[in-house]
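What follows draws every value from the coordinates through simple rules; no lab data is involved. Note that this is a predicted model, so its numbers are computed, not measured.
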Amino acid sequence: MQIQTQVVPQAAQRRERWRNGAGWTREIFAARDNRDPGAQWDWRLSIAEIDEDAPFSTFPAIDRELVLLSGNGLRLRFDDGELVELMPPHDGLRFAGERGVTGELVDGPTTDFNLMWRREAVDARLWRRPLVGPMVMFVEPGHAWVVHLLAGNARFDAASALPALAAGDTALLGTGDQRRRYVLEGGGEALVIRLTPAGPERQ
């Protein structure tokens, strides 16, 4: 799972239709095998724009986590009868991509952070963290970390050679053959994601 360490500015996100045509997504990044342009992604980050009640696309063999970014709330009505409300500021839910679900707006449009990963290939963990001092991340070979800045401003240590982050920007942190250390400082709030290869030893 080798990725290039980089910052993806909010302005660089690519806007595209949902797979089922019922909404819009701004893709941040999709991790594919660079040797095969037609390969399916192993994990993907995007921002969903929901302007009306609509069914979500289904994704067999995919797990996903949805986090409310803006708006007055999103109701997830699953075909199996479960009903979950994501409310401000940043409620989230992790669920299987095979599950049929309709997104219902509580009161007006929403934008939602969408993390998806192929469960046979990747294990993903997402946390929402305040930035109130230095945050240190150690990236092991073959692993990756992601920082999506929800609010505020932040900057990595000079050794990373990465530009500063503003709200809406996303940092992708990879490594080569050796463990790498990243230090992030600033003020605000972020989504922090750890992506590791799937396997029986995962926790």
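Rounded to whole numbers, the Karplus 3J(HN,Hα) couplings from phi for region 51-65 are 9, 7, 4, 7, x, 7, 5, 9, 9, x, 6, 10, 9, 8, 9 Hz, using 6.51 cos²θ - 1.76 cosθ + 1.60 with θ = phi - 60°, and x at Gly and Pro. The 3J(HN,Hα) values that the Karplus relation (6.51, -1.76, 1.60; θ = phi - 60°) gives for region 144-156 are, in residue order, 8, 10, 10, 10, 10, 7, 7, 7, x, 9, 8, 8, 7 Hz. Gly and Pro appear as x. Amide H contacts under 5 Å for residue 18: 23, 24, 25, restricted to partners 5 or more places along the chain or on a different chain, H placed in the peptide plane at 1.01 Å from N. Amide H to amide H, with H built 1.01 Å from N, residue 8 comes under 5 Å of 170, 171, 172, counting only residues 5 or more places away or on other chains.
Summarising the amide proton neighbourhood of residue 40: residues at separation of 5 or more, or on other chains, whose placed amide H is nearer than 5 Å comprise an empty set.
Calculated over the chain, the projected area of the Cα convex hull averaged across directions stands at 11.7 nm². In units of the rule-of-thumb radius 2.2 N^0.38 Å, region 13-118 shows an alpha carbon radius of gyration of 1.05.
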